[in-house]
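Here the structure is laid out as structure tokens; the discussion comes afterwards.
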Amino acid sequence: MSVPVLTIDGPSGAGKGTVSRLIAKKLGWNYLDSGSIYRSLAIALLENNTDASDVDEILNIARIMELSFECNDELSVKLNGVDITSKLGMESTGNVASIIAAIPEVRQILFQKQKDFKNPPGLVADGRDMGTVVFPEAEIKVFLTASAAERASRRYKQLMEKGIDVNIQQITREIEERDCRDKARKTAPLAQADDAVFIDSSSMTIENVIDQVLSLVPQQYRAI
Ligand code: DC
């Protein structure tokens, strides 16, 4: 039986996570937050004091790390049995994740961990290369973006709500640096698949985006 896949790729802060999680819930499908796999490896390296330039050690850790995911309303992740959920969203984790994600062998090792999420009745996969590299066969593909200023402002609000004091200029700079690195890398760069539908969420609500993405899902899968 073929398993339907919906991929949602795009730059950081475009709303992919929230939209993907809610759509997976509505459809009753599995959910892959591929960024959380790169982020988990980043946490493993930070905890091990591994330098981001020590490629051999990074690859060793990537090979042996054990991850388990649970998605209720929020995603929670265990790394080698220890809950790392509270560290996943940190800016430092995201920045290290983006740096190590540029190493082709890292992507190769993490490839199968992502493919393993494709199970019945379906999968919503969010990331940078879901529609281009990991699930090129996906039936429905979306490229979700928003202006850098809007993404920085959303991220700023999110962090302030969590009581984390941040500076909007710094957030904007980090988002732009991360976009630049994710687009410029040679292996599996952030790019829109030829057959993906482009959505700019700059002036849309989450509900609008969800409605638009759901309208792309064939009726047979929405009948539940
Ligand atoms: O989506 P995110 O912010 O959690 O991703 C963190 C970093 O991980 C991102 O800057 C680049 C990398 N990443 C990737 O290279 N490919 C993916 N499919 C997902 C994330």
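Could you name the lysines whose alpha carbon sits less than 30 Å from that of Lys115, not counting residues in the same chain fewer than 8 places away? In chain and number order, the partners are Lys16, Lys25, Lys26, Lys78, Lys87, Lys141, Lys183, Lys186. In the elastic network of the chain, a GNM with C-alpha springs shorter than 10 Å, the most mobile of Lys118, Lys141, Lys157 is Lys157. 3J(HN,Hα) couplings calculated from phi for the stretch 58-65 with the Karplus curve 6.51 cos²θ - 1.76 cosθ + 1.60 (θ = phi - 60°) are, in sequence order, 4, 5, 4, 5, 4, 5, 9, 5 Hz; Gly and Pro show x. A helix-only calculation puts the chain at -14000 deg cm²/dmol for mean residue ellipticity at 222 nm, using -39500 (n - 2.57) for each DSSP H run of at least four residues, averaged over all residues. Remark: the stretch 155-160, residue by residue, has Karplus-estimated 3J(HN,Hα) of 5, 4, 4, 4, 5, 4 Hz, where x stands for each Gly or Pro and the curve is 6.51 cos²θ - 1.76 cosθ + 1.60 at θ = phi - 60°. Counting every other Cβ atom within 10 Å of each residue's Cβ, Thr18, Thr50, Thr7 order from fewest to most as Thr18, Thr50, Thr7.
In order along the stretch 38-45, the Karplus-derived 3J(HN,Hα) couplings, from 6.51 cos²θ - 1.76 cosθ + 1.60 at θ = phi - 60°, round to 5, 5, 5, 5, 4, 5, 4, 6 Hz, and Gly and Pro are given as x.
Look at the dipole of the chain built from charges on Cβ: of Asn60, Gly35, Ile99, the Cα furthest out on the positive end belongs to Gly35. Listed from fewest to most Cβ neighbours within 10 Å, the set Val19, Val197 follows the order Val197, Val19.
A short reminder: the numbers here are calculations on the coordinates, not readings from a lab. Keep in mind that this is a model prediction, so the values were computed, not measured. Here the Cβ is made from the backbone with ideal geometry for all residues, glycine too, and neighbour counts use every protein chain on show.
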